[in-house]
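Student: Just passing along the structure, written as structure tokens.
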Amino acid sequence: MLATLCSLFPLSLRRQLAGSLVLAAMVMIAAGLLGLPLATHWAGLAYWCAAVLLWPGLATRNRTQALILLLVGGGSLAWSAGQGAEVNVQRLVAGNSGLLSMLVAVSFLSLVSRPQAEDDERSPRGRRALASTLAAVHLFGSVINLSSVFIIGDRLARRGSVTREQALVLIRGFTAAAFWSPFFAAMAVALSLAPEARLVTLWLVSMPLALLALLLTGWQLSRPNGNNAPVAAFTGYPLHAGGLALPGLLAAAVLALHELQPALSILAVITLMAPALTLTILTVKRQQPLAAVGGLTTGRLPQMGNELALFLAAGVLGYGLETLFSTLGGSLPLTHFGPVEASATYLATVALSLLGIHPIICISLAGAVLAPLEPNHTLLALVFLSSWAVGTPAGPLSGINLAFQGRYGMDSFRIMRWNLGYAAAMSVLVVAAIFVLAGLLGLA
């Protein structure tokens, strides 16, 4: 089948068609959010078609993970149907189309937000350079995600690969944004499973966690020991004051629109706002919005094959497990979801990440298992975001660690070992934050 697909559709045509389908699917979801009568399964169908077109070009590891999720989810649905359960085909096709649409919408921000430094500008060195690099990758990563890591990393690696300390700054600074950024894939996953989470309440504990992650990284890399190079020798990336404007503007706009339209979820707000704000900025700057969107459609969107396969397969897994547990009666040895249960869920997810299991798999599984308990969505979202923020830098097969292995020649298992102490310290802080949030929510 794949051979036939490749013969009928050469690579360039497949990528162009896939990019167009992804854009069309996001537009359909946005139109539905604005009130137009468009069923989400049509967008889901477009995403599935794009995933099929991009499937031959995916890494073997990603294809294997997606196939396992599809088999487990599909097997659960087949068994449940055999027991008399009703399977909603339209819901199955729609899957995680809302979540994917938010990720597509966020990709528009890369057209107007890129970390910049003049080629002839001297790279800062020392403790201040470490701090500015942490802040730069964290802030820009919170908006344009993984591309910011490599824009900054490639500048640092002009004369070769990045150093151990630079790699840890880039990886930890970036993944810490998962604690709070509304434009991060982690937030999209968390809000898709916990749509009633209150973002402002969540930020009361998740933003301090992100700050503590940055401070912990700075402290660990600044103190002299047998592993660290002297902090005075650290070469970093300059952060300019102008770089703070867009991340702050975007976060404020998300909250303002959510307050004006409380019926819209945060997921929906970002899906609508990110492309609209991007096109507005391009127009004000007298650039060509249509040409920019065309470049995005043929460039960045066809590169989303891994996300498409993983998130669509995770949607099948989540629906399959949900149907399976419902068929079995939904019985669990738990009666409620409080701080103890939340902490146990977080620790189990991070432990599975250390074994090489992607956080979205663990989160989808946890969401299906915990659904009968009707957990508080704000507390559940904190668990999911923290699992992603801490489990990703410590996971040997996480996307960012494998990307560093491929781009800069750093072994992903070595990166995992470098981050074990960080993960342990952050886990203590996360568990404390879970109990604090539970207290604020009246769940303690």
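Student: Below 8 Å between Cα atoms, with a sequence gap of 6+, how large is the relative contact order for the chain in percent?
Tutor: Dividing the mean separation by the residue count of the chain yields 24 percent.
Student: With every atom except the alpha carbons ignored, what do you get for Rg and Dmax of segment 285-444, in angstroms?
Tutor: For segment 285-444, the Cα radius of gyration and maximum Cα-Cα distance read 18.9, 60 Å.
Student: Sequence gap at least 6, Cα distance under 8 Å: using those rules, report the relative contact order of segment 1-93 to the nearest whole percent.
Tutor: Reported as a whole number, the value is 28 percent.
Student: Within a 10 angstrom radius of the beta carbon, how do Met26, Met416 rank from fewest other beta carbons to most?
Tutor: Lowest count first: Met416, Met26.
Student: What ranking do 269-282, 51-64 get when scored by the average of other Cβ atoms within 10 Å per residue, highest first?
Tutor: Answer by packing, highest mean first, reads 269-282, 51-64.
Student: Could you give the length gained by full extension between Val89 and Gln303, i.e. 0.36 nm per residue of separation minus their alpha carbon distance, to one decimal place?
Tutor: The Val89-Gln303 span can extend by a further 74.3 nm.
Student: Apply the Kirkwood formula to the chain: the hydrodynamic radius equals the inverse of the mean of 1/r over all pairs of different alpha-carbon atoms; give it in Å with one decimal.
Tutor: The answer is 22.5 Å.
Student: Over all Cα pairs of segment 333-426, how is the pair count split among 10 Å bins, expressed in % and running from 0 up to the last occupied bin?
Tutor: So the P(r) values, bin by bin, are 17, 46, 25, 10, 2.
Student: Here's a follow-up. I'd like the projected area of segment 185-298, averaged over all directions, using the convex hull of its alpha carbons. Report it in nm² with one decimal.
Tutor: 11.1 nm²
Student: Let me ask you something else. Distance from a point 7 Å along Cα→Cβ of Arg61 to each backbone N in segment 284-325: keep the residues under 15 Å and list them by number.
Tutor: Taking a point 7 Å out along Cα→Cβ of Arg61, the residues of segment 284-325 whose backbone N falls under 15 Å are 306-307, 310.
Student: HN-Hα J couplings of segment 61-76 from phi, Karplus 6.51/-1.76/1.60, θ = phi - 60°, integer Hz, Gly and Pro as x?
Tutor: Ordered by residue, 3J(HN,Hα) equals 4, 5, 5, 5, 4, 5, 5, 4, 4, 5, 5, 5, x, x, x, 5 Hz.
Student: Another one. Based on the mean of other beta carbon atoms within 10 Å per residue, what is the order of 39-46, 102-109, 295-302, most packed first?
Tutor: 102-109, 39-46, 295-302
Student: Suppose only helical runs count, i.e. DSSP H with n ≥ 4. What mean residue ellipticity at 222 nm does that imply for the chain under -39500 (n - 2.57) per run, divided by all residues and rounded to the nearest 500 deg cm²/dmol?
Tutor: -23000 deg cm²/dmol
Student: Quick one: P(r) of segment 146-209 from all Cα-Cα pairs, 5 Å bins, percents rounded to integers, in order of increasing distance.
Tutor: Final binned percentages: 4, 16, 22, 18, 12, 12, 9, 5, 2, 0.
Throughout, read-outs are computed from the coordinates displayed, never taken from laboratory work. Just so it is clear, the model here is predicted, and its values are computed rather than measured. Heads up, the Cβs are rebuilt from the backbone with ideal geometry, glycines too, and the neighbour counts pull from every protein chain shown.
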